[in-house]
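Data block below; observations after.
The values are calculated or read from the model by the stated rules, or taken from the named source; none is laboratory data. Everything quoted here is computed from the prediction, not taken from an experiment. When we count neighbours, we look across all protein chains shown, and the Cβ atoms used for this are built from the backbone with ideal geometry, even at glycine.
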């Protein structure tokens, strides 16, 4: 049974995101006429370790001038980084229309609108031709998708032969469940964690070959512990994840850290390549 699209949209929806971000930038004394990509790093990468882990992933694959699709692009932080640093032609797709609107306006704000395109659409039925992209990039997205086979089949379809899937995701471990709310789900109705073994077997069945993987769990736990300590001592930053997660931000972060410490989830990044033919 396929989950209702509106359930996912409701999970992430927050009105007037772009306007809120601009207001917070001004509160920090940042001139909106001179905003740089790095000024947005506290809010435009909704995954554990944020821009830090994205900058690590780019060291694992050749990206210069690549055609990249960011599936579940959110506010477009990784897309702008890839376009800026590697001259990639980056398309982002996201189910949340407000995220797409905000991503477009943030790219215009920092002068990257000509190198990034953002599309409102469903990752299970993407509006792109077969073989359109050299690389598909996705971070913390599949946890909201019940039909993993449909998700990865669509990724395979839009990749060129021998194209690469680059991911950073959260997986369940030891049959344990997370305590809600967490950043990707307020309830179990929109959370569909699977094991690393399950996803690896599925990708192999679909015709992907593992290039490399990296266990990111320890770094994720250290990051969350450090972030929560900063919040305890200094409160939430002016431009931080609460822009997206609201008043329950601290609780959501605590629950993810607890799940890591209790060995119920793992975080992993990796690269799989589509088999030729």
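Take residue 255 and tell me if it is surrounded by fewer than 20 Cβ atoms within 10 Å (Cβ to Cβ), free of Cβ contacts under 8 Å to residues at least 40 places away in the same chain and not in a loop (DSSP other than H, G, I, E, B).
The answer is no for residue 255.
Inspect segment 5-16 for any residue being in contact with a strand residue (DSSP E or B) (Cβ under 7 Å, 6 or more places away or on another chain), part of a helix (DSSP H, G or I) and buried (at least 19 other Cβ atoms within 10 Å of the Cβ) and give the result as yes or no.
Going residue by residue through segment 5-16, those that are in contact with a strand residue (DSSP E or B) (Cβ under 7 Å, 6 or more places away or on another chain) are 11.
Then keep just the ones that are part of a helix (DSSP H, G or I); that gives 11.
Restricting the remaining residues to those that are buried (at least 19 other Cβ atoms within 10 Å of the Cβ) gives 11.
Yes; the residues of segment 5-16 include at least one that is in contact with a strand residue (DSSP E or B) (Cβ under 7 Å, 6 or more places away or on another chain), part of a helix (DSSP H, G or I) and buried (at least 19 other Cβ atoms within 10 Å of the Cβ).
Exactly one condition in (1) under 18 Å from residue 123 (Cβ atoms); (2) more than 11 Å from the chain's Cα centre (by Cα) is false for residue 75; which is it?
Exception for residue 75: condition (2).
Check segment 23-43 and report whether any residue there is in a loop (DSSP other than H, G, I, E, B), touching a helix residue (DSSP H, G or I) at 6+ places or on another chain (Cβ under 9 Å), farther than 30 Å from residue 213 by Cα and in contact (Cβ under 8 Å) with a residue 12 or more places away in the chain. Spell out how you get there, then give the answer.
Residues of segment 23-43 in a loop (DSSP other than H, G, I, E, B): 28-31, 35-36, 41-43.
Of the ones still in play, those that are also touching a helix residue (DSSP H, G or I) at 6+ places or on another chain (Cβ under 9 Å) are 28, 30-31, 35, 41-43.
When the remaining residues are screened for being farther than 30 Å from residue 213 by Cα, the result is 28, 30-31, 35.
If we keep only those that are in contact (Cβ under 8 Å) with a residue 12 or more places away in the chain too, we end up with 28, 35.
Within segment 23-43 (the criterion being in a loop (DSSP other than H, G, I, E, B), touching a helix residue (DSSP H, G or I) at 6+ places or on another chain (Cβ under 9 Å), farther than 30 Å from residue 213 by Cα and in contact (Cβ under 8 Å) with a residue 12 or more places away in the chain), the answer is yes, since at least one residue qualifies.
Show the residue pairs that are 6+ apart or on different chains and have beta-carbon atoms under 9 Å apart, the first residue being within segment 258-277 and at positive phi and at pLDDT below 95, the second being surrounded by fewer than 17 Cβ atoms within 10 Å (Cβ to Cβ) and assigned to a strand (DSSP E or B).
From residues that are at positive phi and at pLDDT below 95, the pairs are 277/161.
Which one is farthest from residue 152 (Cα to Cα) among residues in segment 90-109 that are surrounded by fewer than 18 Cβ atoms within 10 Å (Cβ to Cβ) and in contact (Cβ under 8 Å) with a residue 24 or more places away in the chain?
Filtering segment 90-109 down to residues surrounded by fewer than 18 Cβ atoms within 10 Å (Cβ to Cβ) leaves 97, 101, 108.
From the residues that got through so far, the ones that are in contact (Cβ under 8 Å) with a residue 24 or more places away in the chain too are 97, 101.
Values: 97: 22, 101: 25 Å.
Here the answer is 101.
Identify, please: which residue in segment 231-250 is exposed (fewer than 13 other Cβ atoms within 10 Å of the Cβ) and in a helix (DSSP H, G or I) and is, among those, nearest to the chain's Cα centre (by Cα)?
Residues of segment 231-250 that are exposed (fewer than 13 other Cβ atoms within 10 Å of the Cβ), as a first pass: 232-235, 246-247.
Of the ones still in play, those that are also in a helix (DSSP H, G or I) are 232-234, 246-247.
Details: 232: 26, 233: 28, 234: 26, 246: 18, 247: 21 Å.
Residue satisfying both the conditions and the ranking: 246.
Of the residues 203, 224, 165, 193, which is assigned to a helix (DSSP H, G or I) and in contact with a strand residue (DSSP E or B) (Cβ under 9 Å, 6 or more places away or on another chain)?
Numbers: 224 fails: in contact with a strand residue (DSSP E or B) (Cβ under 9 Å, 6 or more places away or on another chain); 165 fails: assigned to a helix (DSSP H, G or I); 193 fails: assigned to a helix (DSSP H, G or I).
Of the residues listed, the single one that is assigned to a helix (DSSP H, G or I) and in contact with a strand residue (DSSP E or B) (Cβ under 9 Å, 6 or more places away or on another chain) is 203.
Inside segment 59-71, can you point out the residues that are out of contact with any helix residue (DSSP H, G or I) (no Cβ under 6 Å at 6 or more places or on another chain) and under 20 Å from residue 111 (Cβ atoms)?
Selection gives 65 alone.
Find the residue count for segment 210-221, including only residues that are part of a strand (DSSP E or B) and either surrounded by 14 or more Cβ atoms within 10 Å (Cβ to Cβ) or without any contact (Cβ under 8 Å) to a residue 40 or more places away in the chain (or both).
Within segment 210-221, the first condition is being part of a strand (DSSP E or B), and the residues that meet it are 210-215.
Narrowing further to those that are either surrounded by 14 or more Cβ atoms within 10 Å (Cβ to Cβ) or without any contact (Cβ under 8 Å) to a residue 40 or more places away in the chain (or both): 211, 213-214.
The qualifying residues number 3.
Specify which of the listed residues (112, 124) is buried (at least 18 other Cβ atoms within 10 Å of the Cβ), in a loop (DSSP other than H, G, I, E, B) and over 15 Å from the mean Cα position of the chain (by Cα). Break it down stepwise before answering.
Numbers: 124 fails: buried (at least 18 other Cβ atoms within 10 Å of the Cβ).
Criteria check complete, one pass: 112.
crowded, with 19+ Cβ neighbours inside 10 Å, touching a residue at least 60 places away in the same chain (Cβ under 8 Å), closer than 28 Å to residue 131 by Cα and over 17 Å from the mean Cα position of the chain (by Cα): which single residue out of 196, 178, 158 fits that description?
Result: 158 is the single residue among 196, 178, 158 that is crowded, with 19+ Cβ neighbours inside 10 Å, touching a residue at least 60 places away in the same chain (Cβ under 8 Å), closer than 28 Å to residue 131 by Cα and over 17 Å from the mean Cα position of the chain (by Cα).
Of the conditions (1) within 30 Å of residue 276 (Cβ to Cβ); (2) touching a strand residue (DSSP E or B) at 6+ places or on another chain (Cβ under 6 Å); (3) in a helix (DSSP H, G or I), residue 107 satisfies every one except a single condition; which number is it?
Only one criterion is unmet by residue 107, namely (1).
Out of segment 168-177, which residues are at pLDDT below 95 and either assigned to a strand (DSSP E or B) or touching a strand residue (DSSP E or B) at 6+ places or on another chain (Cβ under 8 Å) (or both)? Outline the logic, then answer.
Filtering segment 168-177 down to residues at pLDDT below 95 leaves 173-177.
The answer is 173, 176.
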